[in-house]
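The values are calculated or read from the model by the stated rules, or taken from the named source; none is laboratory data. Just so you know, these numbers come straight off a predicted model, no measurement behind them. Positions of Cβ are backbone-derived with ideal geometry, glycine not excepted, and every protein chain shown enters the neighbour counts.
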Amino acid sequence: MKITVLTGAGISAESGLSTFRDSNGLWEDYDVMEVASISGYQKNPDLVNKFYNERRQQLSYVFPNDAHYSLTELQKYHDVTIVTQNVDDLHERACNTNIIHLHGELLKSRDIVTNKVYIQKDDITSETLSIDGNILRPHIVWFGETVDELQSAIDAISQSDMVIVIGTSLNVYPAAGLIDILDQNTRLVVIDPNPPAISRPVEYLRGTAAEMLPIFVVSLLQNGY
Ligand code: OAD
């Protein structure tokens, strides 16, 4: 079966990474347009670099949870594409494969002139340069920028027999709009303790990702539903 899994910050919550819009979410403490937009970066690159340096450093202290590992299991038996809005590396560290990072990756940087992408484990400052001598920026898709991976996500979703949405408020486009391209026959399952309203047939599994996804995956693999 072809399955696309669309993940958001909620799948990493039980690993210890804050979501954005829940109470105590990141956007309570930070102004999203200051730290996560191209205009914010142009205005104050040091502030934006610091915000992403902190997010990158945090990755050393967190680990994948049972939801990430369930996807590894699911991928052994089905043709699964993971479309994630997350910029952490927890899908990779759980040995998930076939991952599309819609919003970029914390562990990569990009040359602002050549657009070459590099592995980035250390902090980025205004003095961090690429081997070509140009400024390196976080490899993150900010508000106001194009989502280059969108077409790959559309291709995966439009060919899927089932889509599983996990831990996203579906507030941010174009990611949120991916649900709208599903035809009525595609099975849509949403795992979230506080799921977003969706105006098409949908099966809600109200609970956390680490609690509900392993149960759902076992049921799917053993019983076929
Ligand atoms: P949000 O913070 O908007 O939504 C998080 C979702 O996860 C909510 O629906 C929560 O109910 C749910 N949730 C919380 N804990 C959970 C758990 N343990 N298990 C399952 N679900 C849980 O995060 P996103 O939808 O991912 O983009 O946000 C989308 C984008 O907005 C991000 O990629 C980021 C942000 O601005 C950029 O910065 C470009």
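Numbers for the structure displayed
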| item | result |
| --- | --- |
| Matching residues, the stretch 76-95, being over 15 Å from Ala175 (Cβ atoms), away from the ligand (no atom under 16 Å from the Cβ) and not aliphatic (A, V, I, L, M) | Lys76, Tyr77, His78, Asp79, Glu92, Arg93, Cys95 |
| Hey, Asn185 more than 13 Å from the ligand (Cβ to nearest atom) and surrounded by fewer than 15 Cβ atoms within 10 Å (Cβ to Cβ) or not | yes |
| Residues (in a loop (DSSP other than H, G, I, E, B), farther than 19 Å from Asp148 by Cβ and either at pLDDT below 95 or not β-branched (Val, Ile, Thr) (or both)) located in the stretch 90-107 | Ala94, Cys95, Asn96 |
| Condition met for Glu73 (over 22 Å from Ile215 (Cβ atoms) and among the acidic types (Asp, Glu)) | no |
| Ile166 vs. criteria near the ligand (Cβ under 9 Å from one of its atoms) and modelled with pLDDT of 95 or more | yes |
| Index of the failed condition, Leu59 passing every other in (1) of a type outside the set (Val, Ile, Thr); (2) surrounded by 15 or more Cβ atoms within 10 Å (Cβ to Cβ); (3) within 13 Å of the ligand (Cβ to nearest atom); (4) not in a strand (DSSP E or B) | (3) |
| Failed criterion for Val48 (all others in (1) under 24 Å from Leu188 (Cα atoms); (2) within 12 Å of the ligand (Cβ to nearest atom); (3) aliphatic (A, V, I, L, M) hold) | (1) |
| Criterion violated by Tyr77 - all others in (1) farther than 21 Å from Ala156 by Cβ; (2) over 14 Å from the mean Cα position of the chain (by Cα); (3) in contact (Cβ under 8 Å) with a residue 40 or more places away in the chain satisfied | (1) |
| Pairs where the first residue, in the stretch 197-225, is farther than 22 Å from Asn171 by Cβ and part of a helix (DSSP H, G or I) and the second is more than 16 Å from the ligand (Cβ to nearest atom) and aliphatic (A, V, I, L, M), C-beta under 7 Å, 6+ apart | Val217/Leu74 |
| Asp155 vs. criteria loosely packed, with under 15 Cβ neighbours inside 10 Å, more than 13 Å from the chain's Cα centre (by Cα), charged (D, E, K, R) and assigned to a loop (DSSP other than H, G, I, E, B) | no |
| Within the stretch 191-215, considering residues that are farther than 20 Å from Leu90 by Cβ and near the ligand (Cβ under 9 Å from one of its atoms), the one surrounded by the fewest Cβ atoms within 10 Å (Cβ to Cβ) | Asn194 |
| Residue, farthest from Ala176 (Cα to Cα), within the stretch 1-45, restricted to residues that are in contact (Cβ under 8 Å) with a residue 60 or more places away in the chain, near the ligand (Cβ under 8 Å from one of its atoms) and part of a helix (DSSP H, G or I) | Ala13 |
| Index of the failed condition, Thr84 passing every other in (1) out of contact with any helix residue (DSSP H, G or I) (no Cβ under 9 Å at 6 or more places or on another chain); (2) of a type outside the set (A, V, I, L, M, F, W, C); (3) surrounded by 17 or more Cβ atoms within 10 Å (Cβ to Cβ); (4) within 19 Å of Ala153 (Cβ to Cβ) | (1) |
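Residues are listed down the side, and each one gets a yes or a no for (1) over 23 Å from Ile3 (Cβ atoms); (2) surrounded by fewer than 19 Cβ atoms within 10 Å (Cβ to Cβ); (3) over 21 Å from the mean Cα position of the chain (by Cα):
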| site | (1), (2), (3) |
| --- | --- |
| Ile119 | yes, yes, no |
| Ile131 | yes, yes, yes |
| Val163 | no, no, no |
| Pro174 | no, yes, no |
